[in-house]
Amino acid sequence: MRVGMIGAGMFGDSSIARFHDAGAEVVSVCDVVPDRARASAEKYGIAHFSDKVSELLARDDIDLVHVAVPPNHLYEVVSATIAAGKNVLSEKPLTTSAQDARKLFEEATAAGVVHAVDHEMRYDPLHCHVRNLVREGFIGRPRVFSVRDFQRYARDQRYPTYYATWTAFREAGGGVGQQHLSHTLDLAQSIVGWLKPETAVGHSVTYMHQRPVLDPSVTPVALFGLGDQAPTTGLADVNGDDVATVSGLTSTGVVLHVVSGWTVHHPTGLTWELYGDEGTLTLNSAGELYGARHDQEVQRIVAPPELALPHGPSLLEQSGLGVLEGQCVGFMFEALAQNLARTTSGASTEHVYCTFDEALVTRTVLDSLAQSVITGE
Ligand SMILES: NC(=O)c1ccc[n+]([C@@H]2O[C@H](COP(=O)([O-])OP(=O)(O)OC[C@H]3O[C@@H](n4cnc5c(N)ncnc54)[C@H](O)[C@@H]3O)[C@@H](O)[C@H]2O)c1
């Protein structure tokens, strides 16, 4: 698969390495900041780079475009990508409004292109295994799925989310709800079905109202190497949420509750309980999956080896602290890239990835969250 990368910031740049590891080739990279496109091209030996999206989209040697720009720029770039007839992997969340997400779904469907959103947590083998177990009826009919994800990214100076970058502003698609809960909400729905948005209630709370402004000469990519050395120039008021919760009913009648926070001091990562009318599955903060049916004793469950990620077993099992710690996310991204390679080449229609219509449900729920903004003390 030949890939065009739009957006050479923190995530786009690292995704190039992941595509290469997955056996794909990134043939062109574009960023509105020319130095970023050039830096990524030099780093990975990519022959073509540009600061113009139209130049990348005009190429006829691209099978898939990965759009890794901030969410408030996704609509314009993904729409242009579809108009150019290219298969597209959009970053998450899909735009900053359900209205725009719906337009993209309609445009992609009309153009007949492959459309995917980068919710790579679906590819963790433990989650693949759980999805299969639920489909096979291990817990009977699912009744309650309660998911928690507590991280410290927005307290950690190694991450852009610590600073007053776009990730700290709601309008740009920042805050824990849009940046983080969107992943866990997608994951949960991919296992137990899609929320009826009209049943969703939630809260979105901002506790940290100011964050350090990053010196403009420091790109988020460089930030990873700088940590607490990153030069800052004062504090800025921010409005991104630090805690977000959603509860609702899925179309199959499951009570789904998801809560995410990203400013806790002692993260427990991703943990959850899934109860059905015939059994139970739970994931603890050590990344261990347990389950039982009826009167059986609860036992540890391990994903079958054939579900292993390209570089080994489940990341949940490896880290215990959730799947988004730095490079961890990369292994699942590789599995996603390989799945996209199979679908864009026509070798298979089977896919695990999130499609635009599914992302639209998540975006609609996130929109309703935005109406319940609370400013914590
Ligand atoms: N799937 C995941 O796990 C995951 C993790 C982190 C970030 N993301 C997503 O990746 C995207 C990028 O995040 P990031 O942390 O790399 O941000 P970033 O700010 O580090 O990089 C974004 C880059 O996009 C460029 N850009 C902005 N508008 C553009 C346009 N119209 N055309 C071309 N380039 C443009 C910017 O110059 C910048 O270099 C976001 O949508 C974010 O939500 C996803």
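Read-outs: derived from the displayed coordinates by stated rules, not from any lab. All figures in this text were calculated on a predicted structure; none of them were measured in a lab. Don't worry about glycine lacking a Cβ; one is built from the backbone with ideal geometry, like all the others, and counts go over all protein chains shown.
Restricting things to Cα coordinates, could you compute the convex hull volume per residue of segment 121-213 in Å³?
Output value, Cα hull per residue: 122 Å³.
Just add up the charged neighbours of Ser368: K/R +1, D/E -1, any other residue whose Cβ is under 12 Å from the Cβ of Ser368. It would help to have the intermediate numbers written out before the result.
Values: positive: Lys196, Arg363; negative: Glu198, Asp367.
Computed value for this residue: 0.
How far, in nm, would the chain grow between Ser372 and Val32 when pulled straight, counting 0.36 nm per residue and subtracting the alpha carbon separation?
Roughly 119.0 nm would be gained on extension.
Within 10 Å, count the other beta carbons around each residue, average over each peptide in 341-352, 290-301, 135-146, and list them highest first.
Top to bottom by mean Cβ count within 10 Å: 135-146, 341-352, 290-301.
In whole Å, what three semi-axes, largest first, describe the equivalent ellipsoid of segment 2-120 built from its Cα gyration tensor (square root of 5 times each eigenvalue)?
Each semi-axis is the square root of five times an eigenvalue, giving 22, 14, 13 Å.
Give me the percent relative contact order of the chain, please, defined on Cα pairs under 8 angstrom at least 6 residues apart.
It comes to 21 percent, rounded to a whole number.
Could you tell me the distance between the Cα centroids of segment 201-244 and segment 67-92, to the nearest Å?
Segment 201-244 and segment 67-92 have Cα centres separated by 25 Å.
With labels modelled as points extended 7 Å from the Cα through the Cβ direction, what inter-label distance (nm, one decimal) is found for Lys43 paired with Asn239?
Reported label-point gap for Lys43 and Asn239 is 3.2 nm.
Taking the Cβ of Ala17 as the centre, find all other residues whose Cβ is under 14 Å away and add up their charges (Lys, Arg: +1; Asp, Glu: -1).
Taking every other residue near Ala17 into account, the sum is -3.
What does the net charge come to around Ala116 if you take all other residues with beta carbon closer than 14 Å to its beta carbon, with K and R at +1 and D and E at -1?
-4
At a 10 angstrom cut-off on C-beta neighbours, averaged per residue, how do the peptides 7-18, 261-272 rank from highest to lowest?
7-18, 261-272
Would you calculate, for the chain, the mean residue ellipticity at 222 nm contributed by helices, counting each DSSP H stretch of 4 or more residues as -39,500 (n - 2.57) and dividing by all residues, to the nearest 500?
Estimated from H runs of four or more residues: -9500 deg cm²/dmol.
Dividing the alpha-carbon radius of gyration of the chain by 2.2 N^0.38 Å (N being the number of residues), what value is obtained?
Rg over 2.2 N^0.38 Å, computed on Cα atoms: 0.95.
Suppose R0 equals 56 Å. What FRET efficiency, 1/(1 + (r/R0)^6) with r the Cβ-Cβ distance, do Asp61 and Lys196 give to the nearest 0.05?
Computed FRET efficiency for Asp61 and Lys196 comes out at 0.85.
At 7 Å along Cα-to-Cβ for each site, give me the label-to-label distance between Ala308 and Glu171 in nm.
5.0
Taking θ = phi - 60°, what integer Hz values does the Karplus form 6.51 cos²θ - 1.76 cosθ + 1.60 yield along segment 55-62, in sequence order, with x for Gly and Pro?
Ordered by residue, 3J(HN,Hα) equals 5, 5, 5, 6, 5, 9, 10, 10 Hz.
Rounded to the nearest 5, what is the percent of antiparallel bridges among the DSSP beta bridges in the chain?
Once the DSSP bridges in the chain are tallied, antiparallel ones form about 55 percent.
Using Cβ counts within 10 Å as a stand-in for footprinting exposure, how do Met1, Met208 rank, fewest first?
Lowest count first: Met208, Met1.
Tell me the label-point distance for the pair Arg293, Leu226, using the 7 Å Cα-to-Cβ offset, in nm and rounded to one decimal.
Here the answer is 5.6 nm between the modelled labels.
Working out 0.36 nm times the residue gap between Thr109 and Ser54, then minus their Cα-Cα distance, what length gain in nm do you get to one decimal?
17.7 nm
Scan around Val26 for amide H atoms under 5 Å from its own, H built in the peptide plane at 1.01 Å from N, and keep only partners 5 or more places away or cross-chain.
Val3
P(r) for segment 190-245: what percent of alpha-carbon pairs falls in each 10 Å bin, starting at zero?
Spelled out per bin, shortest first, that is 19, 28, 26, 19, 9.
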